[in-house]
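Visitor: Sharing a structure with you now.
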Amino acid sequence: MYPVFDLHCDTILACAERKLSLSHNHLHIDVQKLKQGGAYAQCFAIFIDKEACLREGISPYMKYQRVHKKFCQEMAANADSIVQVRSMEQVHECAKDGKIAAILTVEGGEVLGEDITRIEKLSTDGVRLLTLTWNYENAIGNANGKRGGLKPFGYAVVERMNEIGMLIDVSHLSDRGFYDVLAHSKKPVIASHSCARSLCDHSRNLTDEMLHMLGEHGGVAGLNFYSRFLRKDSNYATMEQIKNHALHIVNCAGTDALALGSDYDGISCELEWGDYSGMQKLLEYLARTFSTEQMEKFCYRNAERIFAQQS
């Protein structure tokens, strides 16, 4: 069984909004499915949709606080199986104790507003990664499919995240923003859940040049499982599609740049291998193409390295 370090899921938001338990539910991910799928470490994103916040009559930061409360409740309720971690040392301790490491992340820089001190507040909560934008422009910069890159506040955010060791995530960022971040960041960055644009022409995916530059800068791309990022207008994700994108990312960015970024519970499509419990089926299929060393890097070593480099 391959240990799995997955860089992105939206499960905790789904649990919060639908009043579900992380222990057992009908989602892609729960504790039992994580165990069955060989989970080693799982990044749990608190997804911030500013339009949804407007409809709810709350600020993005208030939304973060509400979902963070649910995350803490679920960690306490399932402490015998899964534990929030803040460092790679703690990830390794969890593995020794037979527990799954949970890494808290945030998807959507709207959570900061224009208050850079909130980066420290997120860090205090154990947030280890921030996806700078979602699908909307914010104070940091422009989103995928939009013109323009980082704004002055965005450059300040990149600098501060580098200083405190919070991982910068460029998934959902505009093309120009991607290049701005790579030119400005002093540490490697991540595209936590993105695929190859050459194979599927979508603004959420990375071009060959982007993939090459990400690899050159020591970064990592987490392969997204969403069918419409794998193949245009598809509603069914296949293992072959995953393999093709994995091969393409390796060819463009190198073996050290490929990781898993499932986007479980943030995607709405059928998956050939099912939910998280079927992860080993997918990995066994990929192992027919990739060497053991490549599989280890793909499954967890590259993700380990990128988080360790932030401290």
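Visitor: What residue, among those in the stretch 100-133 that are in a loop (DSSP other than H, G, I, E, B) and in contact with a strand residue (DSSP E or B) (Cβ under 6 Å, 6 or more places away or on another chain), is surrounded by the most Cβ atoms within 10 Å (Cβ to Cβ)?
Guide: Looking at the filtered set, the residue picked out is LEU132.
Visitor: Let me ask you something else. From the list ARG204, ARG228, which residue is surrounded by fewer than 24 Cβ atoms within 10 Å (Cβ to Cβ), touching a residue at least 40 places away in the same chain (Cβ under 8 Å) and touching a Phe, Trp or Tyr at 6+ places or on another chain (Cβ under 7 Å)?
Guide: Criteria check complete, one pass: ARG204.
Visitor: Could you check, for the stretch 266-278, whether at least one of its residues is among the β-branched types (Val, Ile, Thr), at pLDDT 95 or above and in contact with a Lys or Arg (Cβ under 9 Å, 6 or more places away or on another chain)?
Guide: Within the stretch 266-278 (the criterion being among the β-branched types (Val, Ile, Thr), at pLDDT 95 or above and in contact with a Lys or Arg (Cβ under 9 Å, 6 or more places away or on another chain)), the answer is yes, since at least one residue qualifies.
Visitor: Mind checking which residues of the stretch 152-168 are on the phi > 0 side of the Ramachandran plot and either of a type in the set (Lys, Arg) or in contact with a helix residue (DSSP H, G or I) (Cβ under 7 Å, 6 or more places away or on another chain) (or both)?
Guide: none
Visitor: Given the conditions (1) within 20 Å of THR105 (Cα to Cα); (2) in a helix (DSSP H, G or I); (3) not basic (Lys, Arg), report the number of the one that LEU27 does not fulfil.
Guide: LEU27 satisfies every listed condition except (2).
Visitor: Somewhere in the stretch 92-99, is a residue at pLDDT 95 or above and under 22 Å from LEU130 (Cβ atoms)?
Guide: no
Visitor: Then there is this: What are the residues in the stretch 75-99 that are outside any helix (DSSP H, G or I) and within 20 Å of the chain's Cα centre (by Cα), if any?
Guide: Matches in the stretch 75-99: ILE82, VAL83, GLN84, VAL85, ARG86, SER87.
The values are calculated or read from the model by the stated rules, or taken from the named source; none is laboratory data. The model shown is predicted, which means the values in this text are computed figures rather than measured ones. Ideal geometry is used to build each Cβ from the backbone, glycine not excepted, and the neighbour counts take in all protein chains shown.
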